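Step one of this worksheet: look at the structure below.
The values are calculated or read from the model by the stated rules, or taken from the named source; none is laboratory data. A quick note: this is a predicted structure, and the numbers were derived from the prediction, not measured. Positions of Cβ are backbone-derived with ideal geometry, glycine not excepted, and every protein chain shown enters the neighbour counts.
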Amino acid sequence: MNFITPLVAVGELGDALDLDSLEKQGIKAVLSLAPVNLDGAVEHHLQLEVTDRVPLPFEIITTALAFIKHHVQLGQRVLLHCEMGISRSPSLAVCYLHETQGLSIEDAVIHVQSVRPKAEPHPALMESIRGYFRQQSASPET
């Protein structure tokens, strides 16, 4: 697992299953983008059904961002993981950095890749992320 911020890490399935490492790293919340049964092994776990190489539904992005931001606001470390930690979890890490750190989407990708060199968000996921944030910026604030 690799930390993109002091509280948010990106990883793969093996990281989510390594309970000793989760404990040592102080991970309290896990966002799973690949099927995994953590069976109460972590305090907070959210499983989202995300298929690689296809656009991310906007509801998934909204739900994932809310989960990550909630736990970060509580000062809890969060692990975002998918099967291999190459496309899906790095894609949502890009969303988080763009929304909370003010990075452009391109700079967020560069940052994620700088700490996790094997990260390579799939173009279909990246296009859905761009569409999501275009829609967010076009929507009036409520």
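Any residue in the range 2-18 that is touching a Cys at 6+ places or on another chain (Cβ under 9 Å), of a type in the set (Ser, Thr, Tyr), surrounded by 15 or more Cβ atoms within 10 Å (Cβ to Cβ) and not in a helix (DSSP H, G or I)?
No, every residue in the range 2-18 fails to be touching a Cys at 6+ places or on another chain (Cβ under 9 Å), of a type in the set (Ser, Thr, Tyr), surrounded by 15 or more Cβ atoms within 10 Å (Cβ to Cβ) and not in a helix (DSSP H, G or I).
Looking at (1) within 20 Å of residue 129 (Cα to Cα); (2) at pLDDT 95 or above; (3) surrounded by fewer than 14 Cβ atoms within 10 Å (Cβ to Cβ); (4) not charged (D, E, K, R), which one does residue 54 not meet, given that it meets all the others?
Checking residue 54 against (1) within 20 Å of residue 129 (Cα to Cα); (2) at pLDDT 95 or above; (3) surrounded by fewer than 14 Cβ atoms within 10 Å (Cβ to Cβ); (4) not charged (D, E, K, R), the one that fails is (2).
Looking at the range 57-96 only, could you name the residues that are assigned to a helix (DSSP H, G or I), within 19 Å of residue 15 (Cβ to Cβ) and over 8 Å from the mean Cα position of the chain (by Cα)?
Within the range 57-96, 67, 71, 72 qualify.
Quick check on the range 102-120. Is at least one of its residues closer than 24 Å to residue 22 by Cβ, of a type outside the set (Gly, Ala, Ser) and part of a strand (DSSP E or B)?
No, the range 102-120 contains no residue that is closer than 24 Å to residue 22 by Cβ, of a type outside the set (Gly, Ala, Ser) and part of a strand (DSSP E or B).
Taking residue 83, is it in contact (Cβ under 8 Å) with a residue 24 or more places away in the chain and over 29 Å from residue 42 (Cα atoms)?
So residue 83 fails the test.
Limited to the range 99-129, what total is found for residues that are loosely packed, with under 14 Cβ neighbours inside 10 Å and under 14 Å from residue 54 (Cα atoms)?
2
Of all residues being over 18 Å from residue 2 (Cβ atoms) and among the charged types (D, E, K, R) in the range 57-84, which is surrounded by the most Cβ atoms within 10 Å (Cβ to Cβ)? Just the residue, please.
By that ranking, first place goes to 69.
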